[in-house]
Amino acid sequence: MNINGIIRSLLAALLLQPVVSVAQDGGDSVSAAHNIDSRIVHNARMIAVGATDVLDTYLSPEKYTGIEMRYMSHTTKPTRFDRFSMVLSHQGELLKAHNRADNNDEIGGYYNFHYAWRYNWNAMGGKLHLEAGAGADVLLGFIYNLRNGNNPAQAKMSLSIVPSAAAVYNFNAWHKPFSLRYEVFVPLAGIMFSPNYGQSYHEIFNKGDYDHNIAFTYPGNAPSLSHSLSLDFPLGKTWVRIGYMGDCRQSKVNELKYHNYSHMFMLGIVRHFSITKYRPR
């Protein structure tokens, strides 16, 4: 088996799942009575691996550096409005990092869900596709310090309004189609959970001592950015995506500082399939 076959087999084993095209049956009688509206759904399933830099002063004043892995599913769907699309994104991530003295570790895990609507338009004779809009972003997770006694873990919970944009440039090279994609997310405002400085989780949940534990976030106290640059290309009958993802999450609320800087290489499969709907005349 050549290298192309090996890569295709590996990607299929890791990421491919059955794809269902939605359509109604009914033959010519149905087609004659309705307008057929076929539009394209784009779905990317990716694995990302790279370096992470973590600081959470509730757990430790030290920065921790290590490795992070993510599984990502990114779907763009058409809506009933011709110029608008719906974006659904799921990310699950795990990290392990160590301090500078190399005598302690932190581990963490997150789930991130993003839902947005974007306005779509084309330029350069259809070669350049542009999207811009906004949506909601939910983050749930934890960081655990392996040597802490009193406060070994920190919970991460936030809800944000996130403007986002994407640009896709389609071109041909070596007699094959390619798509170069850049996408960016910038949290604008939201809320997040955080203990106050010196406050324990026992005080919050067992004693019920609330101390500004739900904090308002905005670029002044939580400047964050997530962006990616990727290239899609066909490998046989499979579309492959490779690229870079940079994710900067940071905040300073309740006198506690937090950041998670990630730089990762992405590899995955992109699927394009149609959903066929029938609309009354």
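Just so you know, in the range 103-130 the residues that are modelled with pLDDT of 95 or more and of a type in the set (A, V, I, L, M, F, W, C) include one that is nearest to I143 (Cα to Cα), and it is I107.
If you filter the range 175-193 down to residues that are within 23 Å of the chain's Cα centre (by Cα) and not in a strand (DSSP E or B), you find that the one that is surrounded by the fewest Cβ atoms within 10 Å (Cβ to Cβ) is L188.
Results for (1) among the basic types (K, R); (2) out of contact with any strand residue (DSSP E or B) (no Cβ under 7 Å at 6 or more places or on another chain); (3) buried (at least 18 other Cβ atoms within 10 Å of the Cβ), shown as yes or no for each residue.
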{"residue": "E203", "(1), (2), (3)": "no, yes, no"}
{"residue": "R241", "(1), (2), (3)": "yes, no, yes"}
{"residue": "M264", "(1), (2), (3)": "no, no, yes"}
{"residue": "L267", "(1), (2), (3)": "no, no, yes"}
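Of the residues that sit in the range 215-229 and are within 29 Å of V168 (Cα to Cα) and assigned to a strand (DSSP E or B), which one is most open to solvent (accessible area, probe 1.4 Å)? Residue satisfying both the conditions and the ranking: L229. One residue alone among N172, N150 is more than 24 Å from R249 (Cα to Cα), open to solvent by 40 Å² or more (accessible area, probe 1.4 Å) and assigned to a strand (DSSP E or B), and that residue is N172.
Yes/no matrix, rows are residues, columns are (1) more than 16 Å from S274 (Cα to Cα); (2) among the β-branched types (V, I, T); (3) at pLDDT below 95:
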residue	(1), (2), (3)
A12	yes, no, yes
D25	no, no, yes
H34	yes, no, yes
D37	no, no, yes
K63	yes, no, no
L94	yes, no, no
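The residue that is nearest to L256 (Cα to Cα), counting only those in the range 194-222 that are of a type in the set (S, T, N, Q) and over 24 Å from the mean Cα position of the chain (by Cα), is N196. Kindly indicate whether N196 is in a loop (DSSP other than H, G, I, E, B) and surrounded by fewer than 17 Cβ atoms within 10 Å (Cβ to Cβ). Considered against the rule, which asks whether it is in a loop (DSSP other than H, G, I, E, B) and surrounded by fewer than 17 Cβ atoms within 10 Å (Cβ to Cβ), N196 comes out as no.
The values are calculated or read from the model by the stated rules, or taken from the named source; none is laboratory data. Only a predicted model underlies this, so the values are computations on that prediction, with no experimental measurement involved. A quick note on method: Cβ atoms are made from the backbone with ideal geometry, for glycine too, and the neighbour counts reach across all protein chains shown. Note: areas computed on protein heavy atoms with side chains; ligands, DNA, RNA excluded. Shrake-Rupley method; radii C 1.70, N 1.55, O 1.52, S 1.80 Å.
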